[in-house]
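One structure is given here, and the rest of the page talks about it.
The values are calculated or read from the model by the stated rules, or taken from the named source; none is laboratory data. The shown structure was predicted, so the numbers you read here are calculated from the model rather than taken from an experiment. Neighbour counts run over all protein chains shown; Cβ positions are idealised from the backbone, glycine included. Note: areas computed on protein heavy atoms with side chains; ligands, DNA, RNA excluded. Shrake-Rupley method; radii C 1.70, N 1.55, O 1.52, S 1.80 Å.
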Amino acid sequence: MSNKTKLPQAQIDELLDVLKTRFEKNKDRHTDLDWTNIQERLLASPKKLWSLHQMEETGGEPDVIGYDKEKDKYVFCDCVAESPKGRRSVCYDPEALESRKEHKPKHSAVGMAAEMGIDLLTEEQYRTLQRLGKFDTKTSSWVLTPSAIRKKGGAIFGDWRYGHVFIYHNGAESYYGARGFRGLLQV
């Protein structure tokens, strides 16, 4: 493992404290799960810890939102109320970023997620997250776009308005100060 993706022990301890506190504060997101098992899994996965640290550093407030029995994986997701501040003003993907000739954003959602070692939420995962709380009431978040839409130049994003989850479309090269992306990590 490269030093770039390895956290010093002090940062690991600090991150685990933050994650444990958030886990205990939000039991409704993960009923019947035990922190001890999750922490053991995290300590055995240094790259996943590094990715969670990136999620935390960019304002995502990651938390466990479930357990996938088939894959034997705990599912972490950005649970901050609004789209993570450190991941806003990004277009959809590297191709969209490259296509902009002027006023380019600094990054793309797909590219940044790949660098962080996380996945963008699918539309279904975004809707599942919204059942755990009300997220993106003032912002919006890019979600993984089906290839048929992307091939036509579009990309999709979601938000919560009027008591409902909305999934919209935009040109993949667009970016806004109130649009970012949420990540998902399986450990």
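Against the test of being among the aliphatic types (A, V, I, L, M) and either open to solvent by 30 Å² or more (accessible area, probe 1.4 Å) or within 30 Å of residue 169 (Cβ to Cβ) (or both), the options 7, 43 yield a single qualifying residue, 43. Of all residues in the stretch 83-138, those being farther than 18 Å from residue 186 by Cβ and among the aromatic types (Phe, Trp, Tyr) number 2.
Please verify whether residue 37 is of a type outside the set (Lys, Arg) and in contact with a Cys (Cβ under 8 Å, 6 or more places away or on another chain), treating the condition exactly as stated. Spelling it out, it is not the case that residue 37 is of a type outside the set (Lys, Arg) and in contact with a Cys (Cβ under 8 Å, 6 or more places away or on another chain).
Would you check if residue 57 is free of Cβ contacts under 8 Å to residues at least 60 places away in the same chain, acidic (Asp, Glu) and under 21 Å from residue 178 (Cβ atoms)? Taking the combined requirement at face value, the residue satisfies it. When the stretch 76-87 is filtered for residues that are under 14 Å from residue 57 (Cβ atoms) and charged (D, E, K, R), the ones remaining, listed by number, are 78, 85, 87. For residue 10, the conditions (1) of a type in the set (Gly, Ala, Ser); (2) part of a helix (DSSP H, G or I); (3) in contact (Cβ under 8 Å) with a residue 60 or more places away in the chain; (4) out of contact with any helix residue (DSSP H, G or I) (no Cβ under 7 Å at 6 or more places or on another chain) are fulfilled apart from (3). Entry remark, the stretch 171-180: residues being surrounded by 20 or more Cβ atoms within 10 Å (Cβ to Cβ) and of a type outside the set (Asp, Glu) number 4 in total.
Name the single residue that is surrounded by the fewest Cβ atoms within 10 Å (Cβ to Cβ) among those in the stretch 60-116 being assigned to a loop (DSSP other than H, G, I, E, B) and among the hydrophobic types (A, V, I, L, M, F, W, C).
Looking at residues that are assigned to a loop (DSSP other than H, G, I, E, B) and among the hydrophobic types (A, V, I, L, M, F, W, C), I get 81.
Of all the residues in the stretch 120-155, those that are assigned to a strand (DSSP E or B) and either surrounded by fewer than 16 Cβ atoms within 10 Å (Cβ to Cβ) or over 15 Å from the mean Cα position of the chain (by Cα) (or both) number 2.
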